[in-house]
Each structure stands twice: as structure tokens, then as C-alpha cells.
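The values are calculated or read from the model by the stated rules, or taken from the named source; none is laboratory data. Just so we're clear, the structure is a prediction, and the values are computed from it rather than from any experiment. Ideal geometry is used to build each Cβ from the backbone, glycine not excepted, and the neighbour counts take in all protein chains shown.
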Amino acid sequence: MSQDRSQGSPLWASLLAGEPRSIRERAAVPLWYRRNAGAWLPVDWPELICEDRPSWESRSYLALDIETTGLRSQVDRIIELALVRFGFDAEGALIESERMVTLVNPGIPIPAQASAVHGIRDEDVAHAPPFASMAQDIASFVKGSILVAHNAMFDIGFLEVELAREGLILPADEAADTLGLARAAFPDMLSYNLGKLAYLLHLPSDAGHRALGDALTCMRLFAMSMRVLTTRCD
């Protein structure tokens with residue numbers, strides 16, 4: 001079960017009250033992470049856009065979304081995975097280049113409350129491959145890209161645990177969080193649910209708690225948020 005993306009919190013969490021006024025305060029959810037000695041550490045927002053070289057538009061990204069049997073990465077399992085590779089052309093246009101999308105047989109029952117969120121049932125994954133059979137291909141697909149996800153540490157945490165079960169390490173050292181980016185770029189939204197953000201920002205969206213639609217929406221939200229924040233460099 002993927003988390004409710006309204007504030008990047010689980011379905012049972014209450015909404016945050018109010019929005020702090022400064023960009024730094026609004027970005028209570030980190031905008032970006034870099035991994036150092038196995039730990040994902042937040043990066044200060046101006047460094048991302050205003051100081052980093054080469055330009056963020058010249059780099060390669062991989063939008064990530066998963067659906068799961070629950071919220072605990074150590075005991076729950078991935079049941080759907082979408083990875084969408086994208087970048088930007090010389091004029092700054094968003095370009096999708098490749099995708100990997102699959103259902104996954106978790107080897108355990110999918111709880112009814114999880115199915116109520118994403119609509120995936122036991123019979124839908126009965127003949128899907130187990131994660132173990134795809135782990136090496138997934139790791140190879142991820143390698144060298146900056147991960148992009150909405151509430152990124154939830155999705156990344158699950159992916160890291162699943163790969164670790166097969167003796168693999170997630171081959172990525174940077175991640176962008178569209179929840180934090182959107183909160184900083186668009187501080188006055190009533191909701192930071194991924195689908196509602198897409199509607200309010202007039203982004204094409206298939207977001208609806210299925211992995212591919214959410215990954216594509218993350219990709220578009222990332223591009224829009226980064227462009228807005230770029231205009232705020234000193």
C-alpha cells in the first residue's frame with residue numbers, strides 16, 4: 001500500500017496545520033537527499049539549483065513509485081513498481097526515455113485495507129513474478145540515476161529492503177522528493193496529495209495510487225517545481 005500522498009503521511013496521519021512562511025521553513029520535508037556512508041542526508045535547497053554544477057537540467061533522473069501490502073518495509077512487500085527514466089533536451093523540454101513497470105507477487109496476502117487504496121488484489125498478482133526474479137534487472141535499471149518520488153524515503157526504503165533481501169544494494173546516491181519540492185515551490189496549496197497537486201497545477205496526471213500514473217505525475221511535478229525554484233536564485 002502506498003502512503004496517502006496528501007502530506008506525505010500514512011492514511012491514518014492527520015494533516016499538518018498551516019504552512020510556515022519562508023522557503024527554508026516550508027521545506028520541513030527535505031527537497032533532496034544525498035547518500036553518505038549508507039545514510040540518506042538532506043541537501044540545503046539553494047545548493048540544489050543555484051550552486052550545483054552541472055545544471056540540474058543536464059542530469060538523468062528516474063521517477064519511482066511503488067504500491068505495497070502495507071506501510072512497514074521490514075515486513076510488508078512491494079506489489080507494483082514503476083521506474084520512468086527522464087531528462088531534458090537542449091531547450092529544457094521534458095523528455096521521457098525509458099520505463100520499467102511491473103506487478104510483483106509478494107508471496108504474502110494483500111490486506112483488504114491496502115487493496116482499498118490501490119485496487120490491487122491477490123488474484124492480480126498471482127501470476128506476477130516475485131521480486132527476487134527481477135532484483136538484478138531493477139538494480140541495473142536504477143544505476144546512475146537520480147531517484148525522484150513523492151515522499152521519497154518511503155519508496156526508497158522499501159526498494160532498499162527488497163534489494164537487500166537478494167544481497168543487493170540500491171545503486172543510487174541522490175534522490176529528489178517532489179513532496180518537499182512542491183511545498184517549497186507552491187506554498188499555498190490546500191493539499192499536497194499528488195493527484196490534487198496535479199489538478200491544481202494543471203499538470204497532465206494519471207495519479208490514482210497506481211505505480212505508473214504516480215511515477216509519471218512525479219516526473220512532471222519535479223520539472224515544474226524545479227523551474228519555479230530556479231527563478232528564486234539570488
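Values for this structure:
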| item | result |
| --- | --- |
| Checking Cys233 against (1) of a type outside the set (Phe, Trp, Tyr); (2) part of a loop (DSSP other than H, G, I, E, B); (3) touching a Cys at 6+ places or on another chain (Cβ under 6 Å); (4) surrounded by 14 or more Cβ atoms within 10 Å (Cβ to Cβ), the condition it does not meet | (4) |
| The stretch 133-147: number of residues that are outside any helix (DSSP H, G or I), within 16 Å of Phe158 (Cα to Cα) and among the β-branched types (Val, Ile, Thr) | 0 |
| All positions within the stretch 148-157 that are more than 18 Å from Thr102 (Cβ to Cβ) and part of a strand (DSSP E or B) | Val148 |
| Among (1) of a type outside the set (Asp, Glu); (2) touching a Gly at 6+ places or on another chain (Cβ under 9 Å); (3) more than 15 Å from Leu221 (Cβ to Cβ) - the single one Gly195 does not satisfy | (3) |
| Residue in the stretch 180-187 that is within 20 Å of Ala223 (Cα to Cα), touching a residue at least 60 places away in the same chain (Cβ under 8 Å) and basic (Lys, Arg) present | yes |
| Residue selected from the stretch 102-120 under the condition among the polar types (S, T, N, Q) and more than 19 Å from Glu162 (Cα to Cα), by the criterion surrounded by the fewest Cβ atoms within 10 Å (Cβ to Cβ) | Gln113 |
| Criterion: farther than 23 Å from Thr231 by Cβ and of a type outside the set (A, V, I, L, M, F, W, C) - qualifying residue of Gly87, Gly92, Gly157, Gly180 | Gly157 |
| Ala198 surrounded by fewer than 24 Cβ atoms within 10 Å (Cβ to Cβ), touching a helix residue (DSSP H, G or I) at 6+ places or on another chain (Cβ under 7 Å) and at pLDDT below 95 | yes |
| Residue in the stretch 201-209 that is in contact with a Phe, Trp or Tyr (Cβ under 9 Å, 6 or more places away or on another chain) and either among the β-branched types (Val, Ile, Thr) or part of a helix (DSSP H, G or I) (or both) present | no |
| Candidates Pro171, Pro187 - the one that is over 15 Å from the mean Cα position of the chain (by Cα) and closer than 30 Å to Arg77 by Cα | Pro171 |
| Residue that is of a type in the set (A, V, I, L, M) and either closer than 24 Å to Leu31 by Cβ or without any contact (Cβ under 8 Å) to a residue 12 or more places away in the chain (or both), where the choices are Ala135, Ala139, Ala128, Ala152 | Ala152 |
